[in-house]
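First the structure, in the form of structure tokens, and then the observations on it.
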Amino acid sequence: MGWTKKKNAICFFELKEYIKILSTKKHGEIVNFKKEFCQKMLDKYVLLREHSVEAVFQHMDYLYLLAMGEKEPADIDKCYKGILIDAKDKFQDMEESVVEDETSEIVIASNYDEEEKITLTDEEIESLLSFVGYGDFKETKIAFMGIEGGLGGKSAKENIDLICNKYKSGTVNFLESDIWKRGYWKTGEWTPGKKGDVPNSPFLYLSSRMILALESGQEEISEWFKPGDIRKNMYVRKFLMEEGLYSNRKGIKTALIDWRPLPRNDEKTPLPYSNVKQDDYIAAFSFKKNASRTYKEWVEKREGLIKELIYKFEIPLLLSFGGLDYKQKIFKKIYPEIIFQSVILEPSGKEIIISKDKVGVNTTIILAKFLSYEHFGLTGAHDLTRYIRENKLIDL
């Protein structure tokens, strides 16, 4: 009945999906979600069936806290402490031990129910293509660029309604006058003292740590990137809860641009849109030659918005995470003269790709692997923050 190395490999394989889906749930839904998720694990993996559902989700929670360095392990589990922080290879080895064992009865395919398909209207498609992102780009010091938007604990339908209706209602969030088709965005409202659920998103937590570290004056940047520091963890959570990112908060103004315009739960989840051909859509936004003309036009629209933002507003720093190959293609199409160079951050050895010269009004572009614990990592975020400060890439 013990938790063996093989069982832990299964749990770690499912852990990233467990964390992603957990981050979309409201507080009152969490216990039922854990039971449903872990029951599906028991259905999929014969090896786990000697454990109860409650035992599995308690072990998943234990492994997550342990892997984040926030819980002391039993002697047998010491090798797992902190591995999600910055040990990508170990995490991958565990996944591969699950995937490559041909004698195992493990099935990797997802069994989650798909959301009801949505048929997008022409205006909704135009709205999604025109939606720039979050934050006041007129005052932004650091713009983050991701791959695509998640659902933030809401359904796809709710997200479509917000983007295509509510977010168009202002007059200050448009690239050109009040013509939403030329580009519009949503600026969050800084709300000190606000309480509520915070998505369990490594991207949000790590980018928040970067901003708070840059704002910390003479305090050592390393103080914001210590695993297991409960006080700092609580501070970061409070910052997110009060809408610290992408809002009208005083301090370093931030914004978020997503490259692909259609929201979904995560990249493993099928697109919930009946009139969008997923393979063609992904191919176009990855600059594959076989993409259809319709989706290439969508790509051109997004390229135009990004170019307009950087040429119209003085955004000192654009940090793009994930999709390194095609992100370079995006910026080389927008700025044919751009030259990227590789920089190895110390002491982590993480690589960033940085524009040799500024583009647009005054923008330095930095590309890196996805901002998560198992990719760019806590140490990568720390070293990048220090690099930004030491090279004075923004005014502090």
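Annotations
- Note on K117 and I338: their simple-model spin labels are 3.6 nm apart, each label 7 Å out from Cα toward Cβ.
- Other residues lying with their Cβ under 15 Å from the Cβ of N290 contribute a combined charge of +3, Lys and Arg counting +1, Asp and Glu -1.
- If you take all other residues with their beta carbon under 10 Å from the beta carbon of S127, and give Lys and Arg +1 and Asp and Glu -1, the sum is -2.
- Over the chain, relative contact order from alpha-carbon pairs under 8 Å, at least 6 apart, %: 20
- Added length on full extension, which subtracts the Cα-Cα distance from 0.36 nm per residue, E314 to R293: 4.3 nm
- Net charge contributed by nearby residues that have their C-beta within less than 13 Å of A213 (K/R +1, D/E -1): -2
- Highest-first arrangement of 119-129, 214-224, 241-251, where packing means the average Cβ count within 10 Å: 241-251, 119-129, 214-224
- E223 paired with Q58, simple spin-label distance in nm, labels 7 Å along Cα-to-beta-carbon: 3.9
- Within the chain, helix-based [θ] at 222 nm, where runs of 4 or more DSSP H residues each add -39,500 (n - 2.57), nearest 500: -12500 deg cm²/dmol
- Ranking F287, F131 from most to least accessible surface, computed with a 1.4 Å probe over the protein chains only, gives F287, F131.
- Remark: for residue pairs K5/K154; K40/K166; K138/K289; K268/K327, the C-alpha separation exceeds 30 Å in K5/K154; K40/K166; K138/K289.
- Length gained when the stretch N248-Q278 is fully extended (0.36 nm per residue, less Cα-Cα span): 7.3 nm
- Label-to-label distance, E36 versus R182, with points set 7 angstrom from Cα along the beta-carbon direction: 4.5 nm.
The values are calculated or read from the model by the stated rules, or taken from the named source; none is laboratory data. On a predicted model such as this, the values are computed, not experimentally measured, just so you know. For neighbour counting, all protein chains shown are included, and Cβ atoms are generated from backbone atoms with ideal geometry for every residue, glycine included. Keep in mind that these areas ignore ligands, DNA and RNA; they rest on the heavy atoms of the full protein, side chains included. Shrake-Rupley method; radii C 1.70, N 1.55, O 1.52, S 1.80 Å.
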